[in-house]
Amino acid sequence: MNFEYFPIDSQGFVTDHERALGELFGESAQNSRRAEASLNVMASRISTVFASLKEFPFVRYRASKGQDGSTATNFRELVAGKLATAIWNNITTYKSSIPNYPQKETCELLILDRSVDQIAPVIHEWTYDAMCHDLLDMDGNKYVHEVPSKTGGSPEKKEVLLEDQDPVWLELRHTHIADASERLHDRFTNFVSKNKAAQMEQRDGSELSTRDLQKMVQALPQYNEQKERLSTHVEIAGELNKIIRDTGLRELGQLEQDLVFGDAGTKEVIHYLRSKQDTSGENKLRLMMIYASVYPEKFEGDKAAKLMQLAKLSPEDMKAVKNMRMLEGSEKRKPSGSFSLKFDSQKKGNAARKDRTGEEETWQLFRFYPVIEELVDKMCKGDLSKDDYQCMNSSQTAPRGVNGSSARNVPPKATTESTNPRSVRSRRTPNWARSRTSDDGYSSDSNLRSFSTDFKNMGQRIFVFIIGGATRSELRVCHKLTAKLRREVVLGTTSLDDPPQYITKLKLLSEKEIAVDPGLGI
């Protein structure tokens with residue numbers, strides 16, 4: 001199959017445009033042939049997803065506008081619309097060129113760019129997956145660690161892939177690091193208590209019956225595989241917890257989230273920078289980027305230079321803050337004068353997120369959620385603004401969501417095969433994809449393999465594509481919303497970036513060194 005995209009997991013793909021942020025949003029992007037060519041290739045690869053899945057989407061995109069409500073003219077503000085147009089042209093061609101291709105819409109596509117959420121790429125995400133890629137020296141999904149030599153010599157290096165084929169990884173990747181650590185301890189204890197081979201190892205050397213030997217032979221290969229896999233994850237979790245302790249990451253993480261939710265401001269940031277001078281430059285830069293995103297007025301005049309000096313950041317580091325603001329385009333926040341000067345109301349007025357009602361998080365530092373969670377939820381309910389998020393399907397009415405009356409979402413008659421009024425198709429999990437768990441202690445991955453999401457009777461798919469890179473928190477949210485909305489949510493992006501990668505790309509948006517800039521006071 002001539003696929004032009006790369007799956008990153010069961011609900012995510014990339015188009016392999018690592019330089020998209022610079023090519024489409026950099027200083028040289030305006031009227032650039034390279035930018036136009038990049039968009040065309042990107043559209044072709046995204047369209048391949050719909051061609052291979054035989055899906056015909058409602059194409060919606062974030063329509064950026066100037067402060068006065070006029071249509072945007074800056075190239076970087078038109079990127080999402082240009083990509084939507086190119087994808088729509090490809091999709092309409094498929095209707096007549098691909099056999100059995102749908103003639104009516106079967107799913108929804110929402111096109112965004114990285115400026116929609118500039119906090120998600122830099123805030124510390126506390127899930128097992130995000131922490132592995134943020135804090136450990138990994139090469140993609142490859143983790144390298146040392147294991148004792150079987151011959152008694154020096155420790156040997158071993159490579160482990162953290163991917164969907166590992167049931168322990170599947171179960172833990174989207175859980176809080178503290179939860180993951182607890183579950184690993186419980187799994188290991190439970191595994192040893194139920195696995196016959198493990199029990200044989202713990203025997204006092206008494207004679208084994210023929211039945212015992214048979215059970216041990218049956219369980220031994222799986223025992224070694226599972227024991228090794230569990231040991232690896234226990235080691236990884238231990239290393240992550242050590243880094244968190246040694247770097248004082250919990251206190252920094254608390255300040256980051258307090259800033260985002262309006263519970264902290266300038267006073268707390270200055271206190272942290274003065275009292276925690278041993279914090280790494282990268283972590284201080286990430287804190288400053290979050291602060292600049294929530295409190296942009298604090299970077300006006302000569303304030304930015306003073307903050308840079310207090311945080312002991314270099315001009316090169318401050319380019320990331322400057323370019324983050326440049327990426328926002330004309331959609332700037334209200335000037336600081338529009339906020340009340342009373343401390344409490346000022347804090348809440350600057351909050352970048354609102355606490356979600358009806359959701360209780362057991363673990364601390366799990367409040368943060370990326371913007372796309374709210375956007376997808378609104379789109380599913382039909383509450384997404386038609387002016388801010390326009391639809392290319394001009395001849396059709398965009399879906400109104402699960403509570404709406406769009407005819408495309410309601411089959412003419414419910415049957416025993418599909419009782420969900422949101423679904424126009426019945427997708428069953430094939431036999432090969434069903435979980436093969438066993439509680440007898442012998443079967444491979446017993447007590448470990450997570451259950452596959454049941455796609456039977458689900459509604460139409462929702463695709464979200466983010467130009468300029470996506471984050472692991474956004475990928476996690478797509479899995480979460482799939483279960484919550486009963487609609488499979490698929491994330492597409494130009495690249496999947498961890499915080500250091502994103503910051504490096506952000507610095508490259510402008511080639512010039514930071515000099516005197518009246519807007520930033522540098």
What does the charge count around Thr471 come to, taking other residues whose C-beta lies under 13 Å from its C-beta (Lys +1, Arg +1, Asp -1, Glu -1)? -3
Can you compute the modelled spin-label distance between Glu36 and Ser193, with each label point 7 Å from Cα toward Cβ, in nm? 6.8 nm
With 31 Å as the limit, write out which pairs from Lys298/Lys505; Lys227/Lys484; Lys104/Lys484; Lys82/Lys142; Lys267/Lys322 have Cα-Cα distances beyond it, or answer none. Lys227/Lys484; Lys82/Lys142
Could you give the length gained by full extension between Trp363 and Glu225, i.e. 0.36 nm per residue of separation minus their alpha carbon distance, to one decimal place? 46.6 nm
So between Asp139 and Glu235, what do we pick up on full extension, going 0.36 nm a residue minus the alpha carbon distance? 32.8 nm
Counting only the heavy atoms of the protein chains, how much of Phe366 is accessible to a 1.4 Å probe, in Å² to the nearest 10? 30 Å²
With r defined as the distance between the Cβ atoms of Glu27 and Asp383 and R0 fixed at 35 Å, what FRET efficiency is calculated, to the nearest 0.05? 0.45
Heads up, region 454-501 by the C-alpha gyration tensor (a ≥ b ≥ c square roots of eigenvalues; a/c under 1.5 rounded, else a/b over b/c prolate, else oblate) looks prolate
If you roll a 1.4 Å probe over the heavy atoms of the protein chains, what accessible area per residue do you get for region 250-328, in Å²? 38 Å²
For labels at Glu182 and Asp164 in the simple 7 Å Cα→Cβ model, what's the distance in nm? 2.9 nm
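The values are calculated or read from the model by the stated rules, or taken from the named source; none is laboratory data. Small disclaimer: the values here were computed from a predicted structure and weren't measured. As a convention, Cβ positions derive from the backbone with ideal geometry for all residues, glycine included, and neighbour counts pool all protein chains shown. Remember, those area values only see protein heavy atoms, side chains included, never the ligands or the DNA or RNA. Shrake-Rupley method; radii C 1.70, N 1.55, O 1.52, S 1.80 Å.
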